[in-house]
Amino acid sequence: MKELVSEAKAFIEQFYIENDKTGAGMRLREIQEEIAETGTYTHTKEELVFGAKLAWRNSNRCIGRLFWNSLNVFDERDASTGDEVLDALERHLAYASNEGRIRPAITVFRPSQPGEPDIRIWNHQLLRYAGYKVGGGVMGDPHSIDFTEKCEALGWEGEKTDFDLLPFVVKIGEDSPQWRPIRKDLVLEVDLRHPEYEWFTDLGLKWYGVPVISDMELKVGGISYKAAPFNGWYMETEIGARNLADVERYNLLPKVASCMGLDTTRAITLWKDKALVELNIAVLHSFKEDGVSIVDHHTAAQQFRLYEENEKSAGREVTGDWAWLIPPVSPAATHIFHKAYDNTWKSTNYFYQDKPY
Ligand code: ARG
């Protein structure tokens, strides 16, 4: 309780100062009373909007923070049934997708509070491909194996392709989890092809357009929002250098390299590096051609540099996690590689939380 009051105080003071508002003292007394009476306090809409944006600005691992102040915040704290939550998730997806012109957004459901059951979204991202153990190997995305098994236990059945979209799964308190298949008409997907290699199309690869992280906790002024899915747009390396390339994910470098006619028996030919670059070129080319927002890692780093300058002008220290900020392709070609970042975590932020299943 003491801690909640002091977290609230720090946040409210920052909110009033950064927004040139007067009356922080009065608001704080009101909050203290509410906490004494109910054990929690309720953010105003404005506080919630600022809190969600601030949490983004404080996300040390994110290279896309230049746009923190343009986050669209949907206040869904009134949603109380599974169906209401699922409807709001569909609205989020539609709004964010925007026919390809992706809009950064967050939907905030009611926080953890005394006397109310927690709302939890079981999905890691609202859009994600299933992963199945088959024989000795895996079909689809190995990252999704556990969650896919949970979905199957709930009665969902995938088509057993490498790219089956998983359903939304929501659980409220002790109720049984409720699931709903993804509405296909709400999903942007991009078939991957390469500007020069015609054979690339035949690999049959694709990826979804909008990454909506749905398993992290948003903490604002000591209040815990455990269901607060948020999205930006992709940087191409997330797909081309990690999701499709990591050995523990789709592991496509050997296939791409052999289609390119490279000698994959000797590391010294740099076949992995060549395949990586072409895979990333294919991702950028396909998203661009389909009109789905995406940023390349050089541009993203430039934007991050601007963010650093903006913060400096505002008199704020930038915190960052170097190992996450550097792109996985050509990191030393960006300025980020060549400097150090203070990885202190500010308390209004997005946090990992225990899996609810
Ligand atoms: N790296 C994650 C993925 O590949 C997405 C994380 C959020 N990314 C973003 N651009 N907002 O699916």
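Quick look at the numbers
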| item | result |
| --- | --- |
| Surface per residue (accessible, 1.4 Å probe) for the chain, Å² | 48 Å² |
| Backbone HN-Hα couplings from phi across the range 194-203 [Karplus 6.51/-1.76/1.60, Hz, Gly and Pro as x] | 10, x, 10, 8, 5, 5, 4, 4, 5, 5 |
| Kirkwood Rh in Å, taken over all unlike Cα pairs in the range 218-357 | 17.7 Å |
| Extended-chain gain in nm, criterion 0.36 nm per residue less alpha-carbon gap, Glu90 and Gln353 | 92.4 nm |
| With DNA, RNA and ligands ignored, accessible area of Lys133 (1.4 Å probe; Å², nearest 10) | 140 Å² |
| Residue pairs, from the table Lys21/Lys339; Lys219/Lys355; Lys21/Lys219, whose Cα atoms sit over 26 Å apart | Lys21/Lys339 |
| Spacing of the two label points (7 Å from each Cα toward its C-beta) at Glu149 and Ala333, in nm | 4.1 nm |
| Cα-based shape type of the chain, given that a ≥ b ≥ c are square roots of the gyration tensor eigenvalues and the cut on a/c is 1.5 | oblate |
| Accessible area (Å², 1.4 Å probe, nearest 10) - Cys259 | 60 Å² |
| Separation between Cα centres of the range 1-44 and the range 104-166, rounded to whole Å | 36 Å |
| Low-density loop positions, GluC sites (Glu not before Pro), the range 81-128 - DSSP coil, at most 11 other Cβ in 10 Å | none |
| Projected label distance in nm at Glu198 and Asp342, using a 7 Å step from Cα toward the beta-carbon | 5.7 nm |
| Loop-located GluC sites (Glu not before Pro) in the range 274-349, at most 11 other Cβ atoms within 10 Å (DSSP) | Glu317 |
| Relative contact order (%) - criterion: Cα under 8 Å, at least six apart; region: the chain | 20 percent |
| Charged-residue dipole, Cβ positions (Lys, Arg, Asp, Glu), the range 48-165 about Cα centre, Debye nearest 20 | 800 debye |
| Inter-label distance, nm, simple model (7 Å from Cα along the C-beta direction), Lys160/Asn310 | 4.9 nm |
| Accessible-area composition of the chain, carbon plus sulfur, in percent [1.4 Å probe] | 50 percent |
| Dipole magnitude of the chain about its Cα centre (Cβ charges: Lys, Arg +1; Asp, Glu -1), debye to nearest 20 | 720 debye |
| Between the range 302-357 and the range 196-249, the alpha-carbon center distance in angstrom | 18 Å |
| Most mobile listed residue (Leu93, Leu205, Leu127) in the chain, GNM with C-alpha springs under 10 Å | Leu205 |
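The values are calculated or read from the model by the stated rules, or taken from the named source; none is laboratory data. Predicted model, so just to flag it, every value in this text is computed and none were measured. Ideal geometry is used to build each Cβ from the backbone, glycine not excepted, and the neighbour counts take in all protein chains shown. These area figures cover heavy atoms from the full protein model, side chains too; ligands, DNA and RNA do not enter into them. Shrake-Rupley method; radii C 1.70, N 1.55, O 1.52, S 1.80 Å.
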